[in-house]
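The values are calculated or read from the model by the stated rules, or taken from the named source; none is laboratory data. A quick note: this is a predicted structure, and the numbers were derived from the prediction, not measured. In this analysis, Cβ positions are derived from the backbone assuming ideal geometry, glycine residues included, and neighbour counts consider all displayed protein chains.
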């Protein structure tokens, strides 16, 4: 079944409105007080739950509150502070290299442009968009694993590439809606639209969702993709 761009945009708007009613607060669940802390916490959240990161960051930020402190700290100390977030050696390298880059190239301040943020070690477009939306109040379409899954199930994109999905979703909604929409998709993916067993029977988006790729358990067949 083909869908025009205008119809898809209208449906995306309806989805955004419904998500706004279900999840009125649209914010990452990471705790932070400064731009650097937002960046550091988001780097730590890779392959780790936000809840675990929030257990680790109070001690980390007390001891190493800014890029200068992070850059100067012994790597073994950083590793010990963040060990329970997993991949702690790689994350330590990312945190310390990003801190040095911020000091050397941006005068110790977190840059407020996507093209500059993504030059920092450990910062991809997802992290950069989190920072844009939550620190600088700029439009940022965050595409994580939940957004990738839901965007396809909802028939809002046919792509599996995060950057292409980001572009496709941006075309459907005004910039002011980007951050909130992506944050609400993440919440919905965590609470309702599970990767293996989506709870379609209780989903507030059921009337707008073509369930692309969702297996019908009664027939064990996925639904047809939307063009």
Answer with yes or no whether residue 47 is touching a helix residue (DSSP H, G or I) at 6+ places or on another chain (Cβ under 7 Å) and either within 18 Å of residue 129 (Cα to Cα) or not in a helix (DSSP H, G or I) (or both). no
Check off (1) surrounded by 19 or more Cβ atoms within 10 Å (Cβ to Cβ); (2) in contact with a helix residue (DSSP H, G or I) (Cβ under 6 Å, 6 or more places away or on another chain) for residue 118 and give me the number that stays unchecked. (1)
Those residues of region 50-75 which are surrounded by 21 or more Cβ atoms within 10 Å (Cβ to Cβ) and either under 21 Å from residue 107 (Cα atoms) or out of contact with any helix residue (DSSP H, G or I) (no Cβ under 7 Å at 6 or more places or on another chain) (or both), in sequence order: 61, 64, 67, 70
When you check residue 79 against the structure, is it closer than 24 Å to residue 192 by Cβ, modelled with pLDDT of 95 or more and over 17 Å from the mean Cα position of the chain (by Cα), yes or no? no
Just checking, does region 102-109 include any residue being part of a helix (DSSP H, G or I), touching a residue at least 24 places away in the same chain (Cβ under 8 Å), closer than 17 Å to residue 38 by Cα and over 18 Å from the mean Cα position of the chain (by Cα)? yes
Of those in region 158-168 that are surrounded by fewer than 13 Cβ atoms within 10 Å (Cβ to Cβ) and touching a residue at least 12 places away in the same chain (Cβ under 8 Å), the residue farthest from residue 125 (Cα to Cα) is 160
Expected single match for in contact (Cβ under 8 Å) with a residue 12 or more places away in the chain, part of a helix (DSSP H, G or I) and out of contact with any strand residue (DSSP E or B) (no Cβ under 7 Å at 6 or more places or on another chain) among 112, 99 is 99
Please go through region 30-44 and give me each residue that is under 16 Å from the mean Cα position of the chain (by Cα) and either over 22 Å from residue 111 (Cα atoms) or in a loop (DSSP other than H, G, I, E, B) (or both), ordered by number. 30, 31, 32
Verdict on residue 10 being surrounded by 13 or more Cβ atoms within 10 Å (Cβ to Cβ) and assigned by TED's automatic domain parsing to the domain that holds residue 173: yes
Within region 169-189, identify whether any single residue is free of Cβ contacts under 8 Å to residues at least 12 places away in the same chain, exposed (fewer than 14 other Cβ atoms within 10 Å of the Cβ), within 21 Å of residue 3 (Cβ to Cβ) and out of contact with any strand residue (DSSP E or B) (no Cβ under 6 Å at 6 or more places or on another chain), and answer yes or no. yes
